[in-house]
Each structure stands twice: as C-alpha cells, then as structure tokens.
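Following: one structure in structure tokens, then a few remarks.
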Amino acid sequence: MIKLENINKRFESENGDLVFALDDINLQIEAGEIFGIIGQSGSGKSTLLKIINHLLTPDSGNVLIDGSSITKAGKKDLYSSLDKIGSVLQYVNLFENKTVYENIAFALNQKGFRKSEIEERVKNLLEIVELRDKTKSFPAELSDGQKQRVSIARAISSNPKILLLDEVTANLDPATTKSILQLLKKIHDACSITIVIVAHQMNVIKEICDRVAVVDNGKIVEQGEVYQIFANPKSEITKKFIKSTSNLSKVEELIASGSPITKLSEGEKIVRLTYLEKTISEPLIATLVTEFAVIPNIIFADIEIVKGSPIGGTVAILSGNESSVDSAILWLKQKNVGVEILAVGK
C-alpha cells in the first residue's frame, strides 16, 4: 500500500516566487490495484509520482510504503522500501551502447545477482514483453514502443511490488499505446503488482485503471472508481477531460453552427442522455416509444464498456406531445440516467 499524508512541495519560479507544485495531498493506493493520476501539463501529477519514488522529497508531509515512512526513514530502511519500487519515465532512458539484454540485466548486475540467475530472469522478461528476437539489438534499432517494452522489463526485473509509470504512452501512436496497456495489464494480472500510472489522456485511464485521482494546480480535485468518475464527474477539469474522449460534446458545435441535423420542429427537444450507474440494463430507448409514445431520433451514440458496465451515452431528438416528452424525461432520471436538454424547438 502507498499512503501520502499532507504532502506539500514548492518550487521557485523564474521571478523568485515560491509556487506550490503539490498542495496538501492526501492519497491512499491499495496493494494490487491499478491507479491512475491524470492532469494537464504543469498540474503536479509527475511531481507526485517523483515524491512516491523519492526522486523528490516533499517540503512537508509523509510518504509511507507498506506502512513504513520513506520520508523519515534512515538510509537502510529507505533503501529497503525503495527496493519495492520499479519506475518507467516518460522519456526512454536506455543505454544506447548496450543491447536489449544488457539494458535489462543492468539493474540485476548492480544488485549482485548471479550470472545464471540474471540469464534466467532476462530470458523470462523478454518472453513477457514479447521481445525474444531482440536480445542482441541496440536501442537505435528499436521502435518507440519496443523501447518502452525494454524499459518496463528493466523496471520489473527485480520483482518489485510497485510499478510507477510516468506518461509511458505519451509519444506513442494509438495502436502501440493499446499494446503497451495490454502488456501492463498482463504483468499486473500475472504478478499481482501495484501499478501507478500518470497520464494526461483520459483514454489511458479508462482502458486500464481501477481508480483515478484528478490533479489540478497541485491539488487532488477528485478521486474514485474510474467508472464513477467517468459517469458522474464533479470538477470542471474532470468534465473537460471526459469531453475530450467523447463524441457527445460535438452536438453543441452543430447546434451553434445551425447544422441541419439539429433543426427542430415545435415541441421537439435535443437531449444528451448519460449513464450514471452501473446497473442500467433496461432497453431505455425502446421504452420511450412503447410506454410514452415518444420517438427518439438518435444523432450520436458513444457507449463503451468500462469494468464490465456501460459508460457514455446518447444524443437524441425527442419528438412527441409536450407532456409525454416531459414524462419520459422524468422517467429516465428516475432510472439514474443523466438528462441534459440542449435545445428546444420553437
């Protein structure tokens, strides 16, 4: 388990002012979970990760790894705690003059592992990251995705309990990003390792994480299960992140531009319907027709399955007499569907 208590960190700006990078951070990450930290550039998310692996020390507060403080620990206890952590940074820092095998073996050599043990571990790691045929290759001969696979293999070479990842997919194309996230999920499931991943892309969080903390201006503004954060965001910055991953917000642009697809007859309403709970299983759209005589004309639909539950929603034009449409909207809200009226025909 990772626990951060009242963490503060300040840096001096160019004009000499002290600026909070982290402001009274309190966070608990459970053993074995995949935890995401998301925020815009400069939000403090990477600083937070560096506090956890002791690359930076907080000005005040306490960091505990499995109940032991690394902030107040002596050198021996500190090294013992840090041995439980493997890290992969955003910018690949492989040794250019060493082969893939030598890069992965480096940390094991530094820790005094026997040659036969190193050979066995590196062989197994190359299998896990699917680079069996790249043993003798140098970093310059690898793609960006392959380089990250080597970095991940090196980070888990000594069997850490915690894996910290800072923007590891930031410079990768979508297909490579997906393959790296699948690899991380495989490692997590096989090793029961705790993974903390920092990202600025909500799609990364949605794909792999159990819980997420949203960081803005050095503060955690929201945290919780990924599904609940996506389904019912509270802070403005979270809503902005989620909109960036959904087509549902595009209808506002179409309404503003007077697109023919959003033209309404008198009494019609454009509504955005979003799932707020995991338990919705009724055929909602069909029920509008059969029970309320309301005809929904779907403009957009953007629904995905996150942790086995539907997330996202639908934008539709609702047609019918005014009382029926109002009754249908009330019924949807009672079924834990978020209903936002975007436009009304006049």
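The values are calculated or read from the model by the stated rules, or taken from the named source; none is laboratory data. Everything quoted here is computed from the prediction, not taken from an experiment. Neighbour counts run over all protein chains shown; Cβ positions are idealised from the backbone, glycine included.
Quick notes on this one:
- Residues in the range 5-41 that are of a type in the set (S, T, N, Q) and under 25 Å from K72 (Cα atoms): N6, N8, N26, Q28.
- Criterion (within 22 Å of the chain's Cα centre (by Cα) and over 23 Å from V168 (Cα atoms)) met by exactly one of D66, D23, D59: D23
- For the range 322-337, a residue qualifies if it is outside any helix (DSSP H, G or I) and either not assigned by TED's automatic domain parsing to the domain that holds V294 or not hydrophobic (A, V, I, L, M, F, W, C) (or both), and the qualifying residues are K335, N336.
- Screening K111 with (1) in contact with a Leu (Cβ under 9 Å, 6 or more places away or on another chain); (2) without any contact (Cβ under 8 Å) to a residue 60 or more places away in the chain; (3) closer than 27 Å to L126 by Cβ gives one miss only, at (1).
- Among the residues of the range 244-276, the ones that are surrounded by 15 or more Cβ atoms within 10 Å (Cβ to Cβ) and over 30 Å from E322 (Cα atoms) come to 1 in all.
- Residue among T194, T169, T176 that alone is among the β-branched types (V, I, T), more than 22 Å from I311 (Cβ to Cβ), assigned by TED's automatic domain parsing to the domain that holds K84 and in contact with a helix residue (DSSP H, G or I) (Cβ under 6 Å, 6 or more places away or on another chain): T176
- Residue satisfying all of: in the range 225-241; β-branched (V, I, T) and either more than 24 Å from V215 (Cα to Cα) or surrounded by 20 or more Cβ atoms within 10 Å (Cβ to Cβ) (or both); nearest to the chain's Cα centre (by Cα) among these: V226
- Members of the range 300-332 that are at pLDDT 85 or above, surrounded by 13 or more Cβ atoms within 10 Å (Cβ to Cβ) and not hydrophobic (A, V, I, L, M, F, W, C): T314, S319, G320, S324, D326, S327
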